[in-house]
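Asks: Take a look at the following structure, please.
The values are calculated or read from the model by the stated rules, or taken from the named source; none is laboratory data. Since the structure is predicted, the reported quantities are computational estimates derived from the model, not experimental observations. Here the Cβ positions follow ideal geometry from the backbone for every residue, glycine too, while neighbour counts run over all protein chains shown.
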Amino acid sequence: MAKQQSDDARGASRFLFLGNRLWLDFLNTHIKQDGEWVDLLDRFADLVHWLVEARVLDDIEAQEALRRWPNSPEQAQILAQARSFRAVLRAAVENITRAQPITGEVVSAINGILRNHCRSLELTFAGDKLTSQYVGAITEPLHLLAPIAESAAQALSGDDIALTRKCENPTCVLHFHDTTKNHTRRWCSMETCGNRMKAAAHYARVRVKDETENPSATAGDAKPSS
Ligand SMILES: [Zn+2]
């Protein structure tokens, strides 16, 4: 039931789930729109909603988290912790995409959260399919971030870390794990950045062609007609 509600919520989501990895989806909650950074995790409740849509929490656990930390100062502190961890993950992903080594600071931040990981994955039946979800009480704010740290730890120690990519649109800050067969994914989304960049490339090609075939158009010196 909770799973079904989560699916419905995800359908109309303002969050982006295009990273193919939990830690990259979490990173993609800090985006750029019209050149300005926009934080999709504006309030503690946003973080909780994101965790539900990312299927880290079910709806009951989300309500419990909101009840457990009802005060603004507590919520602000948890949110600050989440954002600070996200900044560490951004540093990690930038290391990866620039083929630079991961720093000790990144490893320490991930380990600090993993040490607090008291929840475990469990398989459950969802109709005729199996699904896995975290079970166990969430009693500390760091428990909320533990599955993200686990996802990052698995990625950073995995063999396919080189498939972590940044969208090729230079103005886009979204990242994804390339799961395409030939590892040819270039964009966060074909509908947005893909089409925009292809249109820009097409325009540039047409302009070069015009300039080559009709240099007078750009050189400004009209050729005499013969
Ligand atoms: Zn993009």
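Asks: Could you check the stretch 163-206 and list, in sequence order, the residues that are away from the ligand (no atom under 14 Å from the Cβ), in contact (Cβ under 8 Å) with a residue 24 or more places away in the chain and more than 15 Å from the chain's Cα centre (by Cα)?
Replies: none
Asks: Considering every residue within the stretch 53-72, establish whether at least one is among the hydrophobic types (A, V, I, L, M, F, W, C), surrounded by fewer than 18 Cβ atoms within 10 Å (Cβ to Cβ) and within 23 Å of Lys166 (Cβ to Cβ).
Replies: No, the stretch 53-72 contains no residue that is among the hydrophobic types (A, V, I, L, M, F, W, C), surrounded by fewer than 18 Cβ atoms within 10 Å (Cβ to Cβ) and within 23 Å of Lys166 (Cβ to Cβ).
Asks: Among the residues of the stretch 25-84, which ones are in a helix (DSSP H, G or I), of a type in the set (Lys, Arg) and within 15 Å of the chain's Cα centre (by Cα)?
Replies: The one that is in a helix (DSSP H, G or I), of a type in the set (Lys, Arg) and within 15 Å of the chain's Cα centre (by Cα): Arg83.
Asks: Starting from residues that are modelled with pLDDT of 85 or more and among the charged types (D, E, K, R), keep the ones in the stretch 178-226 and report whichever is nearest to Leu24 (Cα to Cα).
Replies: Asp178
Asks: Within the bounds of the stretch 142-158, is there any residue that is in contact with a Ser or Thr (Cβ under 7 Å, 6 or more places away or on another chain), among the hydroxyl-bearing types (Ser, Thr, Tyr) and surrounded by fewer than 17 Cβ atoms within 10 Å (Cβ to Cβ)?
Replies: Within the stretch 142-158 (the criterion being in contact with a Ser or Thr (Cβ under 7 Å, 6 or more places away or on another chain), among the hydroxyl-bearing types (Ser, Thr, Tyr) and surrounded by fewer than 17 Cβ atoms within 10 Å (Cβ to Cβ)), the answer is no, since none of the residues qualifies.
Asks: Going by the conditions given, is Glu191 assigned to a helix (DSSP H, G or I) and acidic (Asp, Glu)?
Replies: yes
Asks: List every residue pair whose Cβ atoms sit under 7 Å apart, with the two residues 6 or more apart in sequence or on different chains, where the first one lies in the stretch 81-106 and is over 20 Å from Gln154 (Cβ atoms) and the second, anywhere, is of a type outside the set (Val, Ile, Thr).
Replies: From residues that are over 20 Å from Gln154 (Cβ atoms), the pairs are Gln81/Pro141; Arg83/Leu41.
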